[in-house]
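Structure first, then comments.
The values are calculated or read from the model by the stated rules, or taken from the named source; none is laboratory data. Worth saying up front: this structure is predicted, and the values here are computed from it rather than measured. No Cβ is skipped: glycine too gets one built from the backbone with ideal geometry, and neighbour counts run over all protein chains shown. The protein model used for the area step is the full one, side chains on, heavy atoms only, and it has no ligands, DNA or RNA in it. Shrake-Rupley method; radii C 1.70, N 1.55, O 1.52, S 1.80 Å.
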Amino acid sequence: VGAMRLIEAWLGEPDRTYKLFSEFPADENGFENPAAGMDKADFATYVRGLKDEANGVGLPTGWVPATKYIIVNDDGEYVGIINLRHELNDALRAGAGHIGYGIVPERRGCGYATEGLRLALLRARDEFGIREAYLSVRKDNPASLAVQRHFGARIDHESEDHYFTRIDTAAIAS
């Protein structure tokens, strides 16, 4: 089928995209899924709105343009979701940062988060000019911290329950 890739959520096959998003709760380890619990009609509206969000159209106060991607593995399966914010505001700079990601439970530990993050870091650098990607990770999620460390993440600062990391995107191999 080919190499792993990211596709914009609104370009995914609707039923498979719905199934993927339905595998995540509203908040798991800090990965937020506003679509949790939606029926198919509401989800279809949500996905259409994601294209506007990526284009900066009609954003709520305090939001920045962001693209939600589906992580597609080598076999064409939908295995995860990546949210890439195109820029940061003060709240994101101090908090969630540029990139959030989640892998469906039955596919964790297979390297998909690592490759998905690599692809997202390349897009952050090449499409949005992000030289240093800001990420956050819960302290009780060492697997996610290890994924970030794979790309040279350094802990910039921490809170009681989170590390806030920085990754130099120039170092990411295409």
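Points to keep in mind about this one:
- Potential lengthening of the chain between Glu8 and Ser174 amounts to 57.8 nm, from the contour at 0.36 nm per residue minus the alpha-carbon distance.
- In this rough spin-label picture, where each label sits 7 Å from Cα along the Cβ direction, the Thr114-Trp63 distance is 3.4 nm.
- Applying 0.36 nm per residue to the separation of Asp52 and Glu106 and subtracting their alpha-carbon distance, the gain on full extension is 16.3 nm.
- For Lys51, the lysines whose Cα comes closer than 17 Å to its Cα, not counting residues fewer than 8 places off in the same chain, are Lys68.
- When shorter helices are ignored and each DSSP H run of at least 4 residues is given -39500 (n - 2.57), the per-residue value for the chain at 222 nm works out to -9500 deg cm²/dmol.
- Probe 1.4 Å - accessible area at Glu132, Å² to nearest ten: 70 Å²
- A 1.4 Å probe, protein heavy atoms only, puts the accessible area of Arg138 near 70 Å².
- If you model the chain as an ellipsoid using its alpha carbon gyration tensor, with each semi-axis the square root of five times an eigenvalue, the axes come out at 23, 19, 16 Å, biggest first.
- Interchain or long-range residues, amide H under 5 Å from Tyr101's placed H: Asn83
- Rolling a 1.4 Å probe over the protein chains gives Thr61 an accessible area of about 140 Å².
- Where a label projected 7 Å from the Cα of Arg154 along Cα→Cβ would reach, residues of region 160-174 with amide N under 16 Å: 164-172
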